[in-house]
Amino acid sequence: MTEAKKELEKVKKEIVVTGNEKPQVGVYVCDCGINIAGVVSVPDLVKYAETLPDVAVAREYKFFCSDTGQNIIKEDIQSGLINRVVVAACSPRMHEPTFRLVCKEAGLNQFLFEQANIREHSTWVHMKDPEGAFEAAKDLIKMSVAKARELKPLEVKTVSIEPACLIIGGGIAGMNSALDLATEGYKVYLVERTPTIGGHMAQLDKTFPTMDCSACILTPRMVDVARNENIELLTYSEVVEVTGYVGNFEATIMKKPHYVDQEACTGCGVCVDYCPVVTGNEFDLGLATRKAIYIPFPQAVPGKYTIDMDNCIKCGICAREDVCEPDAIRYDEEPEYMKVKVGTIIIATGWDLYDPTGLKQYGYGRYPNVIDGLQMERLLSSTGPLDGKPTRPSDLKAPHSIAFLQCVGSRNFREGGNQYCSRVCCMYATKQARQYKEKHPDADVYIFYMDVRAFGKGYEEFYESAGKNYGINYIRGRIAEVSEGEDHSIIIRAEDTLLQEPMELKVDMFVLSCGLESRSDAGEVASLVRVQRSSDGFFMEAHPKLRPVDTLTEGIFIAGVAQGPKDIPDSVAQAKGAASSAATLMAKGEVEMEPFFAVVRPDRCIGCGMCVENCTYGAIELIDDRHFGKIASINQALCKGCGACSGNCRCSAIDIFGFTGEQIFSIIMGGEL
Amino acid sequence: MSRIQYPSNIRIVRVPCSGRVNPFFIIKSLLRGWDGVVVSGCHPGDCHYVSGNLVARRRFAILQDLLNLFGIEPDRVTFMWSSASEGDRFANLIKKVTKNIKRLGPNKKFESTW
Amino acid sequence: MVIEDQNKDIEQLIRDLARKLLKEKEVDVILGYTKGTIPLTSLPIVIDKVEDVDKLIWNNLCYINLAKYLVPRIPTLMNEEGQKLKVGIVSKGCIGRALIHLSVEHQIDLENIKIIGIPCNGIINRKKIEDEIGEREIFEISVSGDNIIIKGEDLEQTLPFNEYLNDLCKTCQVKSPPSIENICVGECLENPVIEDDFSDMTEFDSKTPEEKWEYIKNLLDTCTRCYACREVCPMCYCNLCFVDQNQPVWFGKTTAYSDIFTFHLIRAMHMAGRCVGCGACSSVCPMGIDLNLINRSLEKIAKERFNFTSGIDPEALPPMMAFDMEDDQEFMMEED
């Protein structure tokens, strides 16, 4: 504790505000550097604030969120000058907690604070209209002062936190979060919808820029997850419902039927030899086949078999005693549902690869030798369908020339494209090109790019070396269209934008470096857990800089590409960050809830039951009160303070703390009656 | 949001959820002489409070019908969905609202009560 | 059958059923209508003895919605045996609807009610008669055949019944109460189906906002805010009506049009999906304001937006008590 803080602690006395005494409002107008002061005259705002009813003092400072700024407010509270605080500054999303703490530390009830958002709601959005911004800021201050006069002290409520975390998605991000939390002693439910954990990383061959073998670094982690006794691994499962709130979520998880008893199955694999059904293997992106009874790939965790009922013909061979010795086949298995109570949730649902079929000019899906980046990865993989010896799909011959096209579906402002940079494609194409050159030094490899973005640690060096030491040809230019030549070769028509001349190139194989997209069903997950998504479809963080792993829903965090495109190190870093944030919350054992819940005025309530039906949290019930008869009663532990009940109540019998009818009335009236 | 510019003649009142918005808030604003009222909430399915906006949507549908019945121009009171990530949409809708209200002119119906 | 004969039959039905229910101790009291003390009115009456049953009447001036008298007192009253008071209630369609809706809103327990269903043949609109007669005093009003006979000082006039009905009664499709097992006796409707094209609203709907404003303003301008409409309404059972609330005072208590406007608009808001279309509010208005237009709009909104008609199905929730992801939102603003 600093000396100043100790000093303050010494003089600190609880300022008792019952809400009935005359309000004395302190208005603190923040310059926010030039964010506010650069657009409107803060001294004039201060002068205006002084004229408002019940304003005892109005002050200006460069940054009220700074230590010095906070102390200015504290001193005014301590000296008894004010009993209500209005800070006119940024969004309450940003600094409401800061200034509430200021009040608390100075001995004033923290809910006697109101923030006027004159930055996001005025100077930023009306930057080009300073006069309008000034008028808006004045009104926002007037409205906040009006509300502040009606504020009443409130008590925070605390609820205990279930020391358990639900992690949705078992890729590299979800696994890392799970391992960190489990190691810290928290119970983890890791839900993965495919039959194995590992995610997209399991499909990769080598990883840039270090060229580690992806499987070699991933597989041990997968085994760690399976072995950790604090982790309950729920593969081939989906979260179907989430209720509750921070500290006390209840999730319903559907375990899809494997049609193979996972306890009994020994993973021997005899059934696969007998299964007569051959179908495309999702893991190899259709480049190889699997049987109807399968594990996705040899290192899958858990290494137990699943029957793909969409393709199974129910011939019954695998169920034969001589085929499945442990008698594990269960054709009539039904989905199972389980409920878990958790304090926190981490969303790590990962990504889908951009589907280039819509970009007709590149011939994907029409010409056999046009493939996407992930397919190339499988072709290069030593565990892939070709044992790491890539050949072109049309004739299974090793191509003499390969061209890569960057930014497929990314950095594209036209319809059907994504505007963002997918961050990994430059590097994965470079890596794949280099891998191919290592195997076929005499092959010609071209990479068509817009800009090469090699921003990570060791990336620039990797890129430099690709050109210098491996002879990979980087051509800056967009490809106009491709066509198929004789022998299924690909003829590329492009413009070299550095030389500013058109060019034509014939290659044996053409790889589209597709970008990453949010999962096609991310919207459903968002609705399920009630978090928001950014306009690009990825889950939205609470603050792009300062709270990159939090969501706006307390207790729910995001990890990995679910939040936006990332490479593996960034995904892991964010996963560890999410685990840490979840642990920080759970370590306290309890969480403070804003006391903004609904309250019933029993004298007004007539017990019609409308609020009971309107409440999504089941927080309201009709009770028989000894004095008032049948009335609504609020369970404050369940109430989240949305106000749906209050907005409909004919009797005005329900009010919402923090947003009472009187407070909103005075805002509308601007403090005048 | 995202510093996208929109007209400066709107004032924002913070409520926890569109579900909190009682018809009185809207009527009182009109009585008070505001030229228009906008209620903005999260898109259906994305409600921070699960279904507060769905409760609100029924309320607002009825209120809008009744305002029309009583002869209040439909553009005086606007309901819209706009999520926290849709700065562009919010700005565009606010521009549309101000354009509509400018076309209607000042709200003079309740002048006597101001 | 002419109206005069219908009335006789209905009255006989009421008396027979009331006598039977009281005799067999199915109910403790009967709530019904009796003759009013001045012309153009009727009065509610509570009968608890078989010998008083003949005081019960039916005529086309029985405009009061008797369900009003059940809330909030009756559910708490006990009979002599210390059980919840059992009430038989003379019910035209709109009273039956009110009872069902009140039970949905937890205000009455239908188990303590016996609905004495009658086939209502319409309520005479007092305002229309008065407009016809002018200032002249009326001594007596009766129905003869299909005509209304009005007698008064220097006055004897015959008016065709159908033209002097409440507009609400003309569009009414629930003339008898919807039938509920073990609750209803007399003439009731099994599974009523409401099909309404609201064609009576078309003309008003086609008006411009300015025309609507003027029309409604003219209609309501004479309102003195006596709240008779509220007092007679079976759905107005709040402890403290919004017009009487303070903290905050959302709108003034004057008869300036802005306050009248707010009163009627918010009242309509509170009635949406709840109004049972009995028209009692219009019948009792001392200023003769006919709220038919507003009440029909409320039915229209509930029916067309939410496919709901109040007081038909005791299991169905009114629009504001429910929500649905799939609700229409055509009224919400979208980007161009």
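The values are calculated or read from the model by the stated rules, or taken from the named source; none is laboratory data. As the structure is a computational prediction, the values presented were derived from the model and not from experiment. Glycine also receives a Cβ, built like all others from the backbone with ideal geometry; neighbour counts cover every protein chain displayed. For the accessible areas, the whole protein counts, side chains as well, though only heavy atoms, and no ligand, DNA or RNA atoms are used. Shrake-Rupley method; radii C 1.70, N 1.55, O 1.52, S 1.80 Å.
Every residue in the range C:118-145 that is more than 15 Å from the chain's Cα centre (by Cα) and part of a strand (DSSP E or B), please.
Of everything in the range C:118-145, those that are more than 15 Å from the chain's Cα centre (by Cα) and part of a strand (DSSP E or B) turn out to be C:Ile138, C:Phe139, C:Glu140, C:Ile141, C:Ser142, C:Val143, C:Ser144.
Could you list, in sequence order, all residues of the range A:24-40 that are open to solvent by 40 Å² or more (accessible area, probe 1.4 Å) and more than 16 Å from A:Ala116 (Cα to Cα)?
Hits for the range A:24-40 are A:Gln24, A:Ile34, A:Gly38.
Which of the residues spanning the range B:61-99 are under 12 Å from the mean Cα position of the chain (by Cα) and over 30 Å from A:Gly523 (Cβ atoms)?
B:Pro74, B:Asp75, B:Arg76, B:Thr98
I'm trying to understand the selection: among the residues of the range A:165-184, which are surrounded by fewer than 24 Cβ atoms within 10 Å (Cβ to Cβ) and either out of contact with any helix residue (DSSP H, G or I) (no Cβ under 9 Å at 6 or more places or on another chain) or outside any loop (DSSP other than H, G, I, E, B) (or both)?
Step one: of the range A:165-184, the residues surrounded by fewer than 24 Cβ atoms within 10 Å (Cβ to Cβ) are A:179-180, A:182-184.
Correct list: A:Leu179, A:Asp180, A:Ala182, A:Thr183.
Looking at the range B:75-90, which of its residues are more than 7 Å from chain C (Cβ to nearest Cβ) and assigned to a helix (DSSP H, G or I)? Don't jump to the end; show me each part of the working.
Our first condition is that a residue be more than 7 Å from chain C (Cβ to nearest Cβ); within the range B:75-90, this holds for B:75-77, B:82-88, B:90.
Hits for the range B:75-90 are B:Asp75, B:Arg76, B:Gly87, B:Asp88, B:Phe90.
Out of A:Ile217, A:Ile231, A:Ile253, A:Ile197, report the one residue that is more than 30 Å from A:Thr158 (Cβ to Cβ), surrounded by 18 or more Cβ atoms within 10 Å (Cβ to Cβ) and either assigned by TED's automatic domain parsing to the domain that holds A:Ser527 or of a type in the set (A, V, I, L, M) (or both). It would help to see each step written out before you state the result.
Details: A:Ile217 fails: surrounded by 18 or more Cβ atoms within 10 Å (Cβ to Cβ); A:Ile231 fails: more than 30 Å from A:Thr158 (Cβ to Cβ); A:Ile253 fails: more than 30 Å from A:Thr158 (Cβ to Cβ).
So the residue among A:Ile217, A:Ile231, A:Ile253, A:Ile197 that is more than 30 Å from A:Thr158 (Cβ to Cβ), surrounded by 18 or more Cβ atoms within 10 Å (Cβ to Cβ) and either assigned by TED's automatic domain parsing to the domain that holds A:Ser527 or of a type in the set (A, V, I, L, M) (or both) is A:Ile197.
Could you say whether any residue in the range B:43-62 is facing chain C (nearest Cβ under 7 Å), under 20 Å from A:Asn648 (Cβ atoms) and not in a helix (DSSP H, G or I)?
Yes, the range B:43-62 has at least one match.
Restricting to the range C:250-280, and then to whatever is more than 10 Å from chain B (Cβ to nearest Cβ) and not in a helix (DSSP H, G or I), can you tell me which residue is surrounded by the fewest Cβ atoms within 10 Å (Cβ to Cβ)?
For the range C:250-280, the residue satisfying everything is C:Lys253.
Open to solvent by 30 Å² or more (accessible area, probe 1.4 Å) and at pLDDT 95 or above: does that describe A:Glu162? So that I can check it myself, show each step before the final result.
Details: open to solvent by 30 Å² or more (accessible area, probe 1.4 Å): yes; at pLDDT 95 or above: yes.
Criteria met by A:Glu162.
Of the conditions (1) within 36 Å of the chain's Cα centre (by Cα); (2) in the same structural domain as A:Val424 (by TED's automatic domain parsing); (3) of a type in the set (D, E, K, R), A:Asp487 clears all except one; give me its number.
(1)
Of these, A:Gly107, A:Gly169, A:Gly199, which one is more than 14 Å from chain B (Cβ to nearest Cβ), of a type outside the set (A, V, I, L, M, F, W, C) and farther than 30 Å from A:Tyr337 by Cα? Explain how you work it out, then say what you get.
On the way: A:Gly169 fails: farther than 30 Å from A:Tyr337 by Cα; A:Gly199 fails: farther than 30 Å from A:Tyr337 by Cα.
None of the others qualify; the one that does is A:Gly107.
Kindly evaluate B:Lys95 against the criterion of being among the basic types (Lys, Arg) and either more than 10 Å from chain C (Cβ to nearest Cβ) or buried (at least 22 other Cβ atoms within 10 Å of the Cβ) (or both).
Values: among the basic types (Lys, Arg): yes; either more than 10 Å from chain C (Cβ to nearest Cβ) or buried (at least 22 other Cβ atoms within 10 Å of the Cβ) (or both): no.
When the stated conditions are applied, B:Lys95 does not pass them.
Of all residues in the range B:10-34, which are more than 7 Å from chain A (Cβ to nearest Cβ), part of a loop (DSSP other than H, G, I, E, B) and touching an Asp or Glu at 6+ places or on another chain (Cβ under 9 Å)?
Keep residues of the range B:10-34 that are more than 7 Å from chain A (Cβ to nearest Cβ), which gives B:10, B:14, B:18, B:23-24, B:26-27, B:30-31, B:33-34.
Filter once more, so that each one left must be part of a loop (DSSP other than H, G, I, E, B): B:10, B:14, B:33-34.
Once the filter is applied, which keeps residues that are more than 7 Å from chain A (Cβ to nearest Cβ), part of a loop (DSSP other than H, G, I, E, B) and touching an Asp or Glu at 6+ places or on another chain (Cβ under 9 Å), the range B:10-34 yields only B:Gly33.
Among strands (runs of 3 or more DSSP E) lying entirely in the range A:452-518, which contain 1 or more residues that are surrounded by 15 or more Cβ atoms within 10 Å (Cβ to Cβ) and in contact with a Cys (Cβ under 6 Å, 6 or more places away or on another chain)? Before you say what the answer is, go through the steps one by one.
Values: elements: A:473-476, A:479-484, A:490-496, A:501-507, A:509-514, A:516-518.
Result: A:509-514.
What number of residues in the range A:387-422 are open to solvent by 50 Å² or more (accessible area, probe 1.4 Å) and of a type in the set (A, V, I, L, M)?
Matching residues across the range A:387-422 total 1.
Which residue is nearest to C:Lys35 (Cα to Cα), if the candidates are limited to the range C:58-82 and must be modelled with pLDDT of 85 or more and in a helix (DSSP H, G or I)?
Checking each candidate, the answer is C:Leu66.
So, of the residues in the range A:589-619 that are aliphatic (A, V, I, L, M) and at pLDDT 95 or above, which turns out to be surrounded by the fewest Cβ atoms within 10 Å (Cβ to Cβ)? First the steps, then the outcome.
Applying the first criterion (aliphatic (A, V, I, L, M)) to the range A:589-619 yields A:591, A:593, A:598-600, A:606, A:610, A:612, A:619.
Right, trim to at pLDDT 95 or above and you get A:598-600, A:610, A:612.
On the way: A:Ala598: 26, A:Val599: 16, A:Val600: 23, A:Met610: 25, A:Val612: 18.
This residue is A:Val599.
So if I check each of A:Met586, A:Met610, A:Met593, A:Met669, which one is under 24 Å from the mean Cα position of the chain (by Cα) and within 14 Å of chain B (Cβ to nearest Cβ)?
When all the criteria are applied, what remains is A:Met593.
How do the strands (runs of 3 or more DSSP E) wholly within the range A:44-122 filter down when requiring 3 or more residues that are modelled with pLDDT of 95 or more and more than 30 Å from B:Ala91 (Cα to Cα): which remain? I'd like the intermediate steps shown before the answer.
On the way: elements: A:55-61, A:84-89, A:113-117.
Per the criteria, A:55-61.
Which helices (runs of 4 or more DSSP H) sit wholly inside the range C:195-236 and have at least 3 residues that are among the charged types (D, E, K, R) and either over 23 Å from C:Thr171 (Cβ atoms) or modelled with pLDDT under 95 (or both)?
Numbers: elements: C:202-205, C:209-220, C:228-232.
Because the criterion is at least 3 residues that are among the charged types (D, E, K, R) and either over 23 Å from C:Thr171 (Cβ atoms) or modelled with pLDDT under 95 (or both), the helices (runs of 4 or more DSSP H) in the range C:195-236 that meet it are C:209-220.
Regarding C:Leu240, is this residue within 14 Å of chain A (Cβ to nearest Cβ) and crowded, with 18+ Cβ neighbours inside 10 Å? Give the steps one after another, and end with the answer.
Numbers: within 14 Å of chain A (Cβ to nearest Cβ): yes; crowded, with 18+ Cβ neighbours inside 10 Å: no.
Answer is no for this residue.
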